[in-house]
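Take a look at the structure below.
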Amino acid sequence: MELVLASRLAGCAAPVEGVTTHIREPALAQHARTLGFRGKLAIHPHQIAAIREGVRPTAAEIAWAEAVLASGAGAQSAGGAMADEPVCKRAHAILAWQGEPGLSR
């Protein structure tokens, strides 16, 4: 968590979590993502699909991001919540992350 916090405070991209010995376990990558990591290192080719599945944005996150950005510029309401500039930046990041190579649905 200190690495995630230091990266955020320095304005760096989220870090990548270290390796695990589990081969096909998307929940491990999902957990790393909820802690703020951008991805997870792999030591075996069978881990790649599970990591991709675990770190990519969910359909609900993509729908939320699209709704936020459709709400317009400035402080707006999206889905009953405030959608100001930081929220819009998060929405842009989710949609950009979705479009990264190897993470498409």
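The values are calculated or read from the model by the stated rules, or taken from the named source; none is laboratory data. The structure displayed is predicted, hence computed values, not measured ones. Note that each Cβ is placed from the backbone with ideal geometry, even for glycine, and that neighbours are counted across all protein chains shown.
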Just checking, how many residues over region 26-37 are part of a loop (DSSP other than H, G, I, E, B) and either hydrophobic (A, V, I, L, M, F, W, C) or buried (at least 16 other Cβ atoms within 10 Å of the Cβ) (or both)?
2
Collect the residues in region 61-80 that are loosely packed, with under 12 Cβ neighbours inside 10 Å and either modelled with pLDDT under 75 or assigned by TED's automatic domain parsing to the domain that holds residue 34 (or both), keeping them in residue-number order.
73, 74, 77, 79, 80
Residue 25: assigned by TED's automatic domain parsing to the domain that holds residue 84 and of a type in the set (D, E, K, R), yes or no?
no
If you go through region 52-71, how many residues are farther than 30 Å from residue 23 by Cβ and in contact with a strand residue (DSSP E or B) (Cβ under 9 Å, 6 or more places away or on another chain)?
6
Across region 81-99, the tally of residues that are charged (D, E, K, R) and either closer than 17 Å to residue 36 by Cβ or at pLDDT 85 or above (or both) stands at 2
Taking residue 14 as the residue in question, decide whether it is part of a helix (DSSP H, G or I), modelled with pLDDT of 85 or more and either among the aliphatic types (A, V, I, L, M) or crowded, with 16+ Cβ neighbours inside 10 Å (or both).
no
